[in-house]
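Below is one structure; the comments refer to it alone.
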């Protein structure tokens, strides 16, 4: 069965290490014959959640007029969601956290999804990435029937493009093929 895969790249640098792993994952998905859509969050205008309560208290869509409605539509439609972040100070970047907070308006519709997580950091210890993964798991814990399918650790990469030639590149491709 052909799946719809959504890749959410939160790198602030196009061609940054986590973004390059997203591209490898995407290549694997395409080679496996699935449909893939990659969103580079830096290209989208996604405001912070203001906590106004319009979506929860009044049952209406988010009052903000930005690109988040489009991203949420794609998240709801996807079978598989890949969430990728560079790790800053042992946590996800602000772009990814902002996206997660803004799912509030429709998070109950993001159900029955498979999730892959991509994390990149200068640190070489995968265990140091656990705090970031717990943040992702905190999000998926709130979703109905979310299944974690894999994690790609792009560790030991500080400078832009430093991930090239590291095992994580092949791991990302293989994970995409396995969707």
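The values are calculated or read from the model by the stated rules, or taken from the named source; none is laboratory data. The structure presented is a predicted model; accordingly, all values stated were derived computationally and were not measured. Every residue, glycine as well, gets a Cβ built from its backbone with ideal geometry; the counts of neighbours run over all protein chains shown.
Residue by residue, here is whether (1) modelled with pLDDT of 95 or more; (2) within 24 Å of residue 152 (Cβ to Cβ); (3) in a strand (DSSP E or B) holds:
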position	(1), (2), (3)
66	yes, no, no
75	yes, yes, no
83	yes, yes, yes
100	yes, yes, no
104	no, no, no
112	yes, yes, no
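Does residue 38 fit the bill of being farther than 20 Å from residue 143 by Cα and assigned to a helix (DSSP H, G or I)? Full working, then the answer.
Values: farther than 20 Å from residue 143 by Cα: yes; assigned to a helix (DSSP H, G or I): no.
No; evaluated as a whole, the condition is false for this residue.
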(request) Sort through 10, 18 and tell me the only one that's closer than 28 Å to residue 124 by Cα, surrounded by 15 or more Cβ atoms within 10 Å (Cβ to Cβ) and touching a helix residue (DSSP H, G or I) at 6+ places or on another chain (Cβ under 6 Å). (result) 10
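Would you confirm, using the coordinates I've provided, whether residue 44 is touching a helix residue (DSSP H, G or I) at 6+ places or on another chain (Cβ under 8 Å) and surrounded by 14 or more Cβ atoms within 10 Å (Cβ to Cβ)?
Here the answer is yes, as residue 44 does meet what is asked.
Of all the residues that make up the range 47-62, how many are assigned to a loop (DSSP other than H, G, I, E, B), touching a residue at least 12 places away in the same chain (Cβ under 8 Å) and surrounded by fewer than 16 Cβ atoms within 10 Å (Cβ to Cβ)?
Quick first cut of the range 47-62, residues assigned to a loop (DSSP other than H, G, I, E, B) only: 47-53, 58-62.
Filter again for touching a residue at least 12 places away in the same chain (Cβ under 8 Å), leaving 47-50, 61-62.
Narrowing the set further to residues that are surrounded by fewer than 16 Cβ atoms within 10 Å (Cβ to Cβ) leaves 47-48, 50, 61.
Of the residues in the range 47-62, 4 are assigned to a loop (DSSP other than H, G, I, E, B), touching a residue at least 12 places away in the same chain (Cβ under 8 Å) and surrounded by fewer than 16 Cβ atoms within 10 Å (Cβ to Cβ).
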(request) Would you check which residues across the range 1-22 are in contact (Cβ under 8 Å) with a residue 40 or more places away in the chain and out of contact with any strand residue (DSSP E or B) (no Cβ under 6 Å at 6 or more places or on another chain) and list them? (result) 12, 13, 15, 16, 20
(message) Tell me yes or no: at least one residue of the range 44-53 is modelled with pLDDT of 95 or more and touching a strand residue (DSSP E or B) at 6+ places or on another chain (Cβ under 8 Å).
(response) no
(message) Against the definition (at pLDDT 95 or above, buried (at least 22 other Cβ atoms within 10 Å of the Cβ), out of contact with any helix residue (DSSP H, G or I) (no Cβ under 6 Å at 6 or more places or on another chain) and within 20 Å of residue 155 (Cα to Cα)), how does residue 92 come out, yes or no?
(response) no
(message) Among the listed residues 165, 176, 138, identify the single one that is under 17 Å from the mean Cα position of the chain (by Cα) and under 14 Å from residue 21 (Cα atoms).
(response) 176
(request) From 175, 84, 78, 121, grab the single residue that is crowded, with 19+ Cβ neighbours inside 10 Å, in contact (Cβ under 8 Å) with a residue 60 or more places away in the chain, touching a helix residue (DSSP H, G or I) at 6+ places or on another chain (Cβ under 9 Å) and closer than 18 Å to residue 10 by Cα. (result) 84
(request) Among the numbered conditions (1) more than 14 Å from residue 85 (Cβ to Cβ); (2) in contact with a helix residue (DSSP H, G or I) (Cβ under 8 Å, 6 or more places away or on another chain), tell me where residue 165 comes up short. (result) (2)
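Take the range 130-149 and flag every residue that is in a helix (DSSP H, G or I) and within 22 Å of residue 40 (Cα to Cα). Before you say what the answer is, go through the steps one by one.
Start the filter on the range 130-149 by keeping residues that are in a helix (DSSP H, G or I), which leaves 130-141.
The answer is 132, 133, 135, 136, 137, 139, 140.
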